[in-house]
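For reference, the structure is listed below as structure tokens.
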Amino acid sequence: MKQKIFKTKVLNKIEEDIIVNKKYYIEMLKNPNWLKKMFEEANNNNYEVSSQIEVEQFELIIGDAKTDKQNARIVYENLKSLNPVQAVTSELWAYMTHIEFPEYMAKRWKIDDKEDEKKVKELIKLRYFAKRGGKGIVRNGIARLWWAGYWGYDPKRENPFELVDVILDKQETYEHISERLYNRNRNILIASLETIKENDFNSKQIRKLYGKINSYGSDKHLDALNMEDARLMVEELVEEIKKSEERELVLV
């Protein structure tokens, strides 16, 4: 079937009314389908349109961050035909967060009513909407699952989702990959994820590794690195991190 998406004018209006509808986002657990009900009560069936994206209906696992890896598999498997151009469509991801998977969003990305109004608006925009550029698309509550699959899925591996699991294992890994241009360089991406898994890196070590890759890239042409060179580069940076940690232990 064809995937439904919001009409652009409708999406713009929903985003414009974030503060007006703030209570609905905060109380999503009680009333996850509030927006759909709002359209129905207004006899408005003109808020959506069929896209060119083919998809079979699927369900997500309702839960906390522990469900991310399983849900990334579900989303990517069902939307594997999606290309990167289609994957930056705001109308698609906002439709999924508001209309198709509001129960999942209510549980996974609960909006804290103790935050001030500005912060609440930022959080809603970040997780429920998906503006092009910056963190917009890749931080959307459903889109992030697809992008993790897109970056990490490798059909050549015994477990094709092995590296997807690494991306979602710690928030720092996803954030660094999503915010840096080297997510477009598959060799560096794979080499870094393999290293994080093999060395069981903690959050601090992950930050150090990607910081060093970023600095390394300022002096080197990262795009020119083949798989072997990428692995050698990452190994070199890991050694630097380990030596730095050893010096820190001596000084303590």
What aspartates and glutamates could a cross-link reach from LYS242, if we take a straight Cα to Cα line under 18 Å and drop same-chain neighbours fewer than 8 places away?
GLU194, GLU198, ASP200
Treating the range 1-79 as a set of equal point scatterers at the Cα positions, no solvent, please give the Debye-formula log₁₀ I(q)/I(0) at q = 0.19, 0.22 Å⁻¹.
-1.13, -1.21
Built amide H within the under 5 Å cut-off of LYS131, gap 5+
ILE137
Which order do the peptides 53-66, 148-161 come out in when sorted by mean C-beta neighbours inside 10 angstrom, highest first?
148-161, 53-66
For the range 1-42, the Cα gyration tensor yields equivalent-ellipsoid semi-axes (√(5λ), largest first, whole Å) of 19, 14, 10
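So, with +1 on the Cβ of K and R and -1 on the Cβ of D and E, and no other charges, what is the size of the charge dipole of the range 102-206 about its Cα centre, to the nearest 20 debye?
Taking the Cα centre of the range 102-206 as origin, the dipole is about 560 debye.
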5 Å is the cut-off here: which amide hydrogens, built 1.01 Å from N in the peptide plane, fall below it relative to GLU48, excluding neighbours closer than 5 in sequence?
LYS7
Over all viewing directions the Cα convex hull of the range 81-130 casts an average projected area in nm² of 4.0 nm²
Between LYS4 and residues 5 or more places away or on another chain, which pairs have amide H atoms under 5 Å apart, with H built 1.01 Å from N, and which residues are they?
SER51
A 21 angstrom limit on the alpha carbon distance is what I want to check against. Which of LYS66/LYS107; LYS36/LYS107; LYS125/LYS204 exceed it?
LYS125/LYS204
Sorting check: for 29-35, 184-190, 97-103, which peptide has the highest mean count of neighbouring beta carbons within 10 Å, and how do the rest follow?
97-103, 184-190, 29-35
Residue-wise HN-Hα coupling along the range 53-70, computed from phi with Karplus coefficients 6.51, -1.76, 1.60 (Hz; x: Gly, Pro):
7, 8, 7, 8, 4, 9, 10, 9, 7, 7, x, 8, 4, 5, 8, 4, 5, 5
Residue-wise, which Karplus ³J(HN,Hα) couplings in Hz belong to the range 238-245, taking 6.51 cos²θ - 1.76 cosθ + 1.60, θ = phi - 60°, and x for glycine or proline?
5, 4, 5, 5, 5, 5, 5, 5
For Cα extents along the principal axes in Å, several values are listed as (1) 47, 42, 30; (2) 66, 42, 31; (3) 55, 53, 40; flag the one computed from this structure.
(2)
Which order do the peptides 86-95, 171-180, 16-25, 121-130 take when ranked by the mean count of other beta-carbon atoms within 10 Å per residue, highest first?
86-95, 121-130, 171-180, 16-25
Calculate one ³J(HN,Hα) per residue across the range 80-97 by plugging θ = phi - 60° into the Karplus curve 6.51 cos²θ - 1.76 cosθ + 1.60, and present them in order as whole Hz with x for glycine and proline.
5, 6, 5, 9, x, 5, 5, 6, 10, 8, 4, 4, 6, 5, 5, 5, 5, 5
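So what is the calculated 222 nm ellipticity per residue for the chain, using -39500 (n - 2.57) for each DSSP H run with n of 4 or more, over all residues, to the nearest 500 deg cm²/dmol?
-17000 deg cm²/dmol
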Under a Cβ-only charge scheme (Lys and Arg +1, Asp and Glu -1), can you give me the dipole magnitude of the chain about the Cα centre, in debye to the nearest 20?
760 debye
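Readers should treat all values here as calculations from the given coordinates under stated rules, not as data from a laboratory. This structure is a prediction, so every number in the text was calculated from the model and none was measured. Don't worry about glycine lacking a Cβ; one is built from the backbone with ideal geometry, like all the others, and counts go over all protein chains shown.
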